[in-house]
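Each value in this text was obtained by applying a stated rule to the coordinates, not by laboratory testing. From a predicted model like this one, the values you see are computed outputs, not experimental measurements. Don't worry about glycine lacking a Cβ; one is built from the backbone with ideal geometry, like all the others, and counts go over all protein chains shown.
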Amino acid sequence: MTQSTKRTNRTHPKGRAYDPWEHADDLGVRVFTQRLRTAHGLWLPDQNAILVHSQLRVAHQRTVLAHELGHAVHAHSDDRPKHERQADRFAAHNLICPTELEELYEWCPDEGRLVDELGVTTRLFQAYVLSAV
Ligand SMILES: [Zn+2]
C-alpha cells in the first residue's frame, strides 16, 4: 500500500488563499463544528481534534480554526497567555500574505478596511504587525 495521498509536508499558500481546513487535514488534526457555549474554538490535545463553533460565519470560522491550528502545531496543552499569543502569531502569518498586505497598504489607508480586506480580525492583524517588526 502506498502513502501517496499523505501530504503532511506540503506547503500552504498564505493570505486569502490559505485554507485552514486543508491544513488541518494535512496535519492529521480532525475538525468538528458544533455549538460551543464558552468559546469560538477549542483545541483538544488528547484527541488531536479541534472544535469550531457552528454558529459563526464561515469567514470567522476560518480565523478561529487558523488560531486553533497554532495550538495544535505548537502542541499546547493549556491556554496560558503565552500560548494564546503564539497561536495568534501562527494564524496571522498564515492568513496574511506580505505581498497582499503591501498592495493593500497602497490604496487602503485605514486599519479597519485593511483588516476587512485581509479577512482577519483586528487582534490577528495586530499579532502580525507586532511580530513582523
Ligand atoms: Zn487559543
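Just a few scattered comments:
- Filtering segment 76-132 to residues that are crowded, with 16+ Cβ neighbours inside 10 Å and among the aromatic types (Phe, Trp, Tyr) leaves PHE90, PHE125, TYR128.
- Residue in segment 51-73 that is farthest from the ligand (Cβ to nearest atom), counting only those that are within 12 Å of the chain's Cα centre (by Cα) and farther than 20 Å from ARG16 by Cβ: VAL73
- In segment 31-65, the residues that are among the small types (Gly, Ala, Ser) and either surrounded by fewer than 17 Cβ atoms within 10 Å (Cβ to Cβ) or in a helix (DSSP H, G or I) (or both): ALA39, ALA49, SER54, ALA59
- Some residue of segment 95-105 being of a type outside the set (Val, Ile, Thr) and within 16 Å of the ligand (Cβ to nearest atom): yes
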